[in-house]
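What follows is a single structure, written as structure tokens, with notes after it.
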Amino acid sequence: MKAYIMDKSRILRIADVGEPAKHADNILVKIRAASICGTDMRTFLKGSMKIDAPRVLGHEFAGDIIHVGEELKDYGFDIGDRVTAAPAIGCGECCYCKEGYTNMCENLETIGFQYDGVFASVVEIPAKAVKNGNLLHLPDSISYDDATLIEPAACAWNGQTYLQIHGGDVVLIYGSGMIGCIHAELAYRKGASQVIIVEPVEKRGKIAMEKVPGIIWINPFTQNTVEEVRKLTAGRGADVVITATSVPSVHEEAQKAAAKRGRISLFGGLPGDGKGYLDSNLIHYKELQIFGVHATTPRYMKDIMKMMEDGGLDAQKYIEKTVALEDVEKGFCSIRDDNTMKVVIHP
């Protein structure tokens, strides 16, 4: 089958690879839709040493089961079932897995990194993922394309569990991509009175205002972000700040833009060394709370599915381009060159 891979030389390319074999301890899924996420984009632009090459890339997907191994017959899955999956797979045995935080597993393995990914016709779901609840039934009311956004939206939902957003909060979000916009929607859902997005690219800022009506856009190239936030909050600052971008200086600025006792989510991981961007005195004297977040869990993906089913979260509006697997690099270039928000691949 055709797949988009990182080869042994760590070069990204379309290649012919063997289709996953049917075993007693695996499930095979025919991919109907997969999408390019920010992590994939960083790999496309800068490579990644976190990927065990050679490896099929991609981890956001939806599809149909075409094989259920004999050892997994009792886990509620049958041929033809529509499914998606939480790609970060825990061991099921460590303290974090037992507490439900499988994304924090001591021996975490991820589809597209340690297991072959979904930029292909078929993906193998290992027994460990099935037994730990990572494989999820997809409701008929959610399309395959829309379902590819469940996992990234659930990453945002995971990040917000720490922030305790409630009625009247002012939420400041750095980055207006799909993740930034989802964060804005979820913040409004929790009762935020005002959502401000910081975005230096004018086209992206305007698109964000269209996607999420009511948000306020700040352009840091033409405005002083901290001053503008203070103007909008009567000098107080933002109750919640979310850094949905991978720019180190944003981590520094977030602490200045936050109100006293503000909550900050360092949602966007930084490339390379992440040291040296926190001001201990600001954290101390303003009583700031700063949280990290990594990936998501099956539980949060189920929450997002419910929101989609209830009509409380519209994923479709973020999908701006679809491409065939053979044209996957055109999808990456569209994100890079045209600020396309979300690209879905149809193998």
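Counting only alpha carbon atoms, the long axis of helix 248-257 and the longest principal axis of the chain meet at about 40°.
Return the loop-located chymotrypsin sites (Phe, Trp or Tyr not before Pro) in segment 161-259 (DSSP other than H, G, I, E, B) with at most 11 other Cβ atoms within 10 Å of their own Cβ; answer none if there are none.
Numbers: sites: 162, 174, 188, 217, 221; in loops: 162, 221.
In loop regions of segment 161-259 (DSSP not H, G, I, E or B), the sparsely surrounded chymotrypsin sites (Phe, Trp or Tyr not before Pro) are 221.
Counting only lysines at least 8 places from residue 206 when in the same chain, those with an alpha carbon closer than 23 Å to its own are 231, 317, 321, 342.
Can you list which of the trypsin sites (Lys or Arg not before Pro) found in segment 37-128 are DSSP loop residues with at most 12 other C-beta atoms within 10 Å?
Numbers: sites: 42, 46, 50, 55, 73, 82, 98, 128; in loops: 50.
Passing both the DSSP loop test and the Cβ count: 50.
Taking Lys and Arg as +1 and Asp and Glu as -1, the other residues whose beta-carbon sits under 12 Å from that of residue 225 total -2. Treating the angle as unsigned and between 0 and 90°, give the value, to the nearest 10°, between the Cα long axis of helix 178-189 and the longest Cα principal axis of the chain. The angle comes out near 70 degrees. Roll a 1.4 angstrom probe over the protein heavy atoms and tell me the percent of accessible area of the chain that is carbon or sulfur. About 48 percent, which is the carbon plus sulfur part of the accessible surface. In whole Å, what is the distance between the alpha-carbon centres of segment 77-141 and segment 280-296? Segment 77-141 and segment 280-296 have Cα centres spaced 30 Å from each other.
For segment 248-347, the list of GluC sites (Glu not before Pro) that fall in a loop by DSSP and count at most 15 other C-beta atoms within 10 angstrom reads 287.
Principal-axis analysis of the Cα atoms of the chain puts helix 150-160 at an angle of about 40° to the longest axis.
Under a Gaussian network description of the chain, with springs only between Cα atoms under 10 Å, the residue in 280, 35, 48 that fluctuates furthest is 280. Of the whole protein surface, residue 233 contributes about 20 Å² of accessible area at a 1.4 Å probe radius.
The values are calculated or read from the model by the stated rules, or taken from the named source; none is laboratory data. What you see is a predicted model; the values in this text were computed from it and never measured. Here the Cβ is made from the backbone with ideal geometry for all residues, glycine too, and neighbour counts use every protein chain on show. What goes into the accessible areas is simple: the full protein's heavy atoms, side chains included, and nothing from ligands, DNA or RNA. Shrake-Rupley method; radii C 1.70, N 1.55, O 1.52, S 1.80 Å.
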